[in-house]
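For reference, the structure is listed below as structure tokens.
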Amino acid sequence: MKYILRTLLVVGLLVFVTKSFAQHKTYNITNGIGVFGALTQFDIETDNFITKQDNGFLFGASATVDIPHRWYNMSYGMQLSENYINIEGRATSSGQGQELIKYKLFAAQLALLGHIKLIGSHLTIDAGPMIQYNGKLELENDDQKDYFITNYDNLKAEDISSISQFNFNGLIGASIGYGFFRLKAQYIYGFTNMLKKLEDQNLDTTGGDDRFKGNQSMLVFGAMISF
């Protein structure tokens, strides 16, 4: 399923880049402002850790340019999210019992999207690039900071918090609605290596891979009200 979503994302971005700015005629356009809220499911796709996605939330605002007599609209906006992810670990270095260690991640995202009209502006396919700034991975339970990460002998839960904070993402999704109200579903994939920064911190990677690689994966389900 995630492979299909990523394929659609690449296709959507190609359409966005090659088509959205191909013509330069002047039209009467309608501008709008929208505010939205959503639930998220966040994960990091990586071979270094065993992860399990968790739920979070998101809110933001966007400005929409409605272009009559064209097959697309445009929008740009910002959204803030609080996301959660679980990474498997153990209480002691030699322990066999595995537990989930819960982390929190705050992120701010700027997006420029094209909206392909399927049924006028009532049903659209949305795609475009996104720039993200996120904080560090924050432990939800400080009592787990000395837990050991699965796949490593001595790597601790607190050691992997300083991930890369600037990332480039792509978005593919769909919107449906009428008038001022719309429902939205989105898939956001991180093209940059979110764990790359861990390689610069002289971590004890005994028993595991010292090359870190992980890509963000986020599902968003929400609603938007326009003015």
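The values are calculated or read from the model by the stated rules, or taken from the named source; none is laboratory data. Remember, it's a predicted structure, so these values are computed and weren't measured experimentally. Every residue, glycine among them, receives a Cβ derived from its backbone with ideal geometry; neighbour counts consider all protein chains shown. Just so you know, the surface numbers come from the protein's heavy atoms only, side chains and all, with ligands and any DNA or RNA stripped out. Shrake-Rupley method; radii C 1.70, N 1.55, O 1.52, S 1.80 Å.
From the residues in the range 55-76 that are modelled with pLDDT under 90 and outside any strand (DSSP E or B), which one is most open to solvent (accessible area, probe 1.4 Å)?
69
Considering only residues of the range 185-203 that are in a helix (DSSP H, G or I) and not aliphatic (A, V, I, L, M), which is most open to solvent (accessible area, probe 1.4 Å)? Steps first, please.
Within the range 185-203, the subset in a helix (DSSP H, G or I) is 196-200.
From the residues that got through so far, the ones that are not aliphatic (A, V, I, L, M) too are 196-197, 199-200.
Details: 196: 104, 197: 79, 199: 66, 200: 124 Å².
Filtering first and then ranking leaves 200.
I need the full set of residues from the range 95-146 which are assigned to a loop (DSSP other than H, G, I, E, B) and among the small types (Gly, Ala, Ser), in order please. Steps first, answer last, please.
At the first step, the residues of the range 95-146 found to be assigned to a loop (DSSP other than H, G, I, E, B) are 95-97, 120-122, 135-137, 140-141, 145-146.
95, 97, 120, 121, 135 - these are the residues of the range 95-146 that are assigned to a loop (DSSP other than H, G, I, E, B) and among the small types (Gly, Ala, Ser).
Determine whether the range 164-174 contains at least one residue that is closer than 20 Å to residue 131 by Cα, open to solvent by 30 Å² or more (accessible area, probe 1.4 Å) and either in contact with an Asp or Glu (Cβ under 6 Å, 6 or more places away or on another chain) or part of a loop (DSSP other than H, G, I, E, B) (or both).
Narrowing the range 164-174 to residues closer than 20 Å to residue 131 by Cα: 164-174.
Applying the additional criterion that residues be open to solvent by 30 Å² or more (accessible area, probe 1.4 Å) yields 165-166, 168, 174.
Subsequent filtering for residues that are either in contact with an Asp or Glu (Cβ under 6 Å, 6 or more places away or on another chain) or part of a loop (DSSP other than H, G, I, E, B) (or both) retains 165.
Looking through the range 164-174, at least one residue is closer than 20 Å to residue 131 by Cα, open to solvent by 30 Å² or more (accessible area, probe 1.4 Å) and either in contact with an Asp or Glu (Cβ under 6 Å, 6 or more places away or on another chain) or part of a loop (DSSP other than H, G, I, E, B) (or both).
Name, by its number, the condition in (1) within 14 Å of the chain's Cα centre (by Cα); (2) among the hydrophobic types (A, V, I, L, M, F, W, C); (3) buried (at least 19 other Cβ atoms within 10 Å of the Cβ) that does not hold for residue 160.
The single condition residue 160 does not satisfy is (1).
Pull up the range 93-120, narrow it to residues that are open to solvent by 40 Å² or more (accessible area, probe 1.4 Å) and of a type in the set (Gly, Ala, Ser), then point me to the one that is farthest from residue 57 (Cα to Cα).
Top of the filtered list is 94.
Can residue 84 be described as hydroxyl-bearing (Ser, Thr, Tyr), closer than 25 Å to residue 185 by Cβ and open to solvent by 40 Å² or more (accessible area, probe 1.4 Å)? Give the derivation first.
Numbers: hydroxyl-bearing (Ser, Thr, Tyr): yes; closer than 25 Å to residue 185 by Cβ: yes; open to solvent by 40 Å² or more (accessible area, probe 1.4 Å): no.
In short, no.
Cβ-Cβ distance below 8 Å, separation of 6 or more or different chains: which pairs start in the range 62-88 with a residue that is over 27 Å from residue 45 (Cα atoms) and end on one that is among the aromatic types (Phe, Trp, Tyr) and surrounded by 18 or more Cβ atoms within 10 Å (Cβ to Cβ)?
62/36
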